[in-house]
Structure formats: structure tokens, C-alpha cells
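Enquirer: Got a structure here, written out as C-alpha cells. Questions coming.
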Amino acid sequence: MKLIVGLGNPGKKYQGTRHNLGFLVIDRLAQRNHFVIAKKFRDSLIGEWFHSDETIVLAKPQTFMNRSGEAVKELLAEYRGTANDVVVVYDDLDLLFGRIRIRPQGSAGGHRGILSIQEHLAGAPFCRVRVGIGRPPEGIDAANYVLEPFSAAELDALGEIIDRAAASVECLVTDGVERAMGRFNRAP
């Protein structure tokens, strides 16, 4: 099995914000593969996608960003998976807007959702798909920036970025992390 987790915050207040980019990618994966993310399992909304003989669970934790690890741990226990089965999709301030960076492991880089997952998986490595949102303009706090809606200019490009991020996850699942990194870790 694979557990693909998109990070975000639940509720209408956070829809369309930069910090919910992981949720948007999960929704696009579900759309591209003709199913919905509607089943409630403990602290997550999930959907299942089947590739060959493998179950792919797509999840949107409903715990709020800084408690994402709780939901990931619950899902791994339910599906009898390990950290090696996890792929986390999330927004990244340190990447230019629209850049994708796939890594088989790494640090949290200050991202509280990733920190929570690392803590709940006892530091075991897991795969990440980072999607760049860029740094905030001068004078705007990063914590506020990630909770703001995308700008009009960003919205114009967002659909294509979400499509590329979804395609990168599909490539990772079907062809492996090395192939996905070679294909998607370069500038578009």
C-alpha cells in the first residue's frame, strides 16, 4: 500500500489558502483517477485508488496542520503500513512559486505539519513532494502569508501547477522516487 497525504487545514476559512496546497493536489489526484475523497476515517478524509495490485490511500488530515502526524499514524496503523509507504504533499516557502521538489527523506525545514509527522513516526524517513509557494513579500510574516489566499497572478498559474504536482505523485507511485525526481525536480 501507499499512503499519499496532502497537508492543509480543515474548514471553509482555509480553503484556497497557500497552506492548503496539499489538499488541492490530493483533490486533483482523485479527480484524475475518477474517485472522491469523501470517506471519514478518524481524523482524516480518505479515498482509495488502486494501481495494479496496490492500494493507494489518499488522505486529507482534518487535525489542522500542526497535528498532521496524529492522522498519519492512525492511517498507517489501520492499513498496516510503515513510514516507507508514506508520501506527503505540502506547500513550501523555500521553493519558488510552482517549483516541485521530490525527496525520499529530509528535514522539516520549519514546516509544522512535517514536524508533526516526523514526531509521530519517531523520525523514520518518508517521501515528500514539496510544492513551492515562494517567500512572502517584505514586511509580511510567513505565518500570515501561508494562511492568505493565492494572489490573482498565482491563481492564473495554479491549475497547471496542481496538475504537475499530481502527475509527479502518479509517477512516484508507478515508476518510483528516482524516476519522479529526475522528471519533476527541474524547473518547468
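Enquirer: Mind putting a number on the dipole of the chain about its Cα centre? Charges go on the C-beta only, +1 for Lys and Arg and -1 for Asp and Glu, and I need it in Debye to the nearest 20. Don't skip to the end; give the middle numbers.
Expert: Details: 24 positive and 23 negative charges, 17 e Å.
For this selection, approximately 80 debye.
Enquirer: Based on the alpha-carbon gyration tensor of the stretch 1-74 and its eigenvalue square roots a ≥ b ≥ c, which shape applies: rounded if a/c is under 1.5, prolate if not and a/b is larger than b/c, or oblate?
Expert: Values: a/c = 2.11, a/b = 1.40, b/c = 1.51.
Cα axes put the stretch 1-74 in the oblate bin.
Enquirer: If you work out Rg and Dmax of the Cα atoms in Å from the coordinates, which of (1) 15.1, 51; (2) 18.7, 60; (3) 16.9, 49 do you get?
Expert: (1)
Enquirer: What whole-number value in Å² describes the accessible area per residue of the chain for a 1.4 Å probe? Can you show the working numbers first?
Expert: Working: 9020 Å² over 188 residues.
For the chain, the solvent-accessible area averages 48 Å² per residue.
Enquirer: Can you sort Phe97, Phe50, Phe23, Phe35 by solvent-accessible area, 1.4 Å probe, largest first?
Expert: Details: Phe97 65, Phe50 130, Phe23 20, Phe35 40 Å².
Largest accessible area first, the list is Phe50, Phe97, Phe35, Phe23.
Enquirer: Go ahead and estimate [θ] at 222 nm for the chain from helices alone: -39,500 (n - 2.57) per DSSP H run with n ≥ 4, summed, over the residue count, rounded to 500.
Expert: The helix-only estimate for the chain comes to -11500 deg cm²/dmol at 222 nm.
Enquirer: What is the antiparallel percent of DSSP beta bridges lying wholly in the stretch 86-188, to the nearest 5? Let's see the in-between values first.
Expert: Numbers: 4 of 10 bridges.
Expressed as a percentage, antiparallel bridges in the stretch 86-188 total about 40.
Enquirer: Here's a follow-up. Please list, or write none, the lysines whose alpha carbon is within less than 24 Å of the alpha carbon of Lys12, excluding same-chain residues fewer than 8 places away.
Expert: Once the sequence-local lysines are set aside, what remains near Lys12 is Lys39, Lys40, Lys60.
Enquirer: Give the ranking of Ser52, Ser151 by solvent-accessible surface, highest area first, calculated with a 1.4 Å probe. Intermediate results must be reported in sequence, preceding the final value.
Expert: Values: Ser52 100, Ser151 50 Å².
The residues order as Ser52, Ser151, largest area first.
Enquirer: Next up: I'd like the carbon and sulfur percentage of the solvent accessible area for the stretch 33-188, probe radius 1.4 Å, heavy atoms only, ligands and nucleic acids excluded. Show your work: numbers first, answer last.
Expert: Numbers: 3880 of 7850 Å².
Its accessible area is 49 percent carbon and sulfur atoms.
Enquirer: Which shape class, rounded, prolate or oblate, goes with the stretch 111-170 when its Cα gyration tensor gives a ≥ b ≥ c as root eigenvalues, a/c under 1.5 marks rounded, and past that a/b bigger than b/c marks prolate? Don't jump to the answer; show the numbers that get you there.
Expert: Details: a/c = 3.42, a/b = 1.29, b/c = 2.65.
It comes out oblate by the Cα gyration axes.
The values are calculated or read from the model by the stated rules, or taken from the named source; none is laboratory data. Quick caveat, the model's predicted, so the values are computed rather than measured. Note that we place each Cβ from the backbone using ideal geometry, even for glycine, and neighbour counts take in every protein chain shown. All accessible areas refer to the heavy atoms of the entire protein, side chains included, with ligands and DNA or RNA removed. Shrake-Rupley method; radii C 1.70, N 1.55, O 1.52, S 1.80 Å.
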